[in-house]
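Peer 1: The structure under discussion is supplied below as structure tokens; questions concerning it will follow.
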Amino acid sequence: MIAPQAMDAQTLVRLLDLAGIGVFALTGALMAVRLRQTFVTAGFFALVTGVGGGSVRDLLIGAPVFWVQDGAVAAVCIAIALIVWVTPERWWRGDLLEWADAVGLAAYSVFGTWKAISWGVPVVPALLMGIITGCVGGIIRDVLASVPSILLRPEIYVTAAALASGLYLLLLWAGASTAAAAASGALAGFALRGAAIRWSLALPVYRAGEDKEY
């Protein structure tokens, strides 16, 4: 098993955690206000989007659900929703939701992998825990908003999470420090997702052969 060098990178890992929570909460709040929902709905969207992936991860690896143990997390999510709610709509126009989601995806995928390893999860499941951490919050947001899930859109998404998590693990295996591996994985995942947003990059889709009529 790859042993994370956690003690020399606690600050960076914590920043990745907060970045993932914060920007996912932002995307949840943005989705709610764009749908002209109430502040209560915006706060709920911010919370479930911010903590959704991490909650599923913690339940799967047998860890205490992080935001239940840390009351500040919910407060931050609600505060972000309030900021979005009281500021002019023009501040949040354009592709901000997509780019904020890309930041959260990359940062949270690496953090999820780090936490899984720190709880003794083997490498391959830890990789999957990173993907779940990075992707599930956005999926919950889209389902609640009744919009097409990010998983069903053509642009690369899950692959970017896998790159962030996989590169982090690979660099740890190669002997890199936790800080260097985490930063490199997060940047690579963000770069791939950003390229997908900018140039609509997508993986090939399944194309079944035409049915023959008899």
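Peer 1: Quick one: accessible area per residue over the chain, 1.4 Å probe, rounded to a whole number of Å²? Write out the running numbers ahead of the final one.
Peer 2: Values: 10680 Å² over 214 residues.
Computed with neighbouring chains in place, this is 50 Å² per residue.
Peer 1: For segment 85-214, which whole-number percentage of the solvent-accessible area (1.4 Å probe, protein heavy atoms only) is attributable to carbon and sulfur atoms?
Peer 2: 66
Peer 1: Right, next: Rounded, prolate or oblate, given the Cα gyration tensor of segment 59-133, with a/c below 1.5 counting as rounded?
Peer 2: Oblate.
Peer 1: Now, a different point. I want to make sure I understand the PRE zone here: with the label point 7 angstrom from the Cα of S118 toward its beta carbon, which residues in segment 42-84 have backbone N atoms less than 18 Å away?
Peer 2: 51-74
Peer 1: If each DSSP helix of 4+ residues adds -39,500 (n - 2.57) and the sum is divided by the residues in the chain, what number results at 222 nm, nearest 500 deg cm²/dmol?
Peer 2: Theoretical 222 nm ellipticity from helices: -24500 deg cm²/dmol.
Peer 1: Now a separate question. Please give the per residue volume of the convex hull enclosing the alpha carbon atoms of segment 101-152, rounded to a whole number of Å³.
Peer 2: Taking only Cα atoms, segment 101-152 has a hull volume of 66 Å³ per residue.
Peer 1: Also: Using the Kirkwood radius built from alpha carbon pairs, what does the Stokes-Einstein equation give as D for the chain at 10 °C and 1.306 mPa s, in µm² per second?
Peer 2: 91
The values are calculated or read from the model by the stated rules, or taken from the named source; none is laboratory data. Note that the structure is predicted; figures quoted are calculated from it, not measured. Quick reminder, even Gly has a Cβ in these numbers, built from the backbone with ideal geometry, and neighbours come from all protein chains shown. Keep in mind that these areas ignore ligands, DNA and RNA; they rest on the heavy atoms of the full protein, side chains included. Shrake-Rupley method; radii C 1.70, N 1.55, O 1.52, S 1.80 Å.
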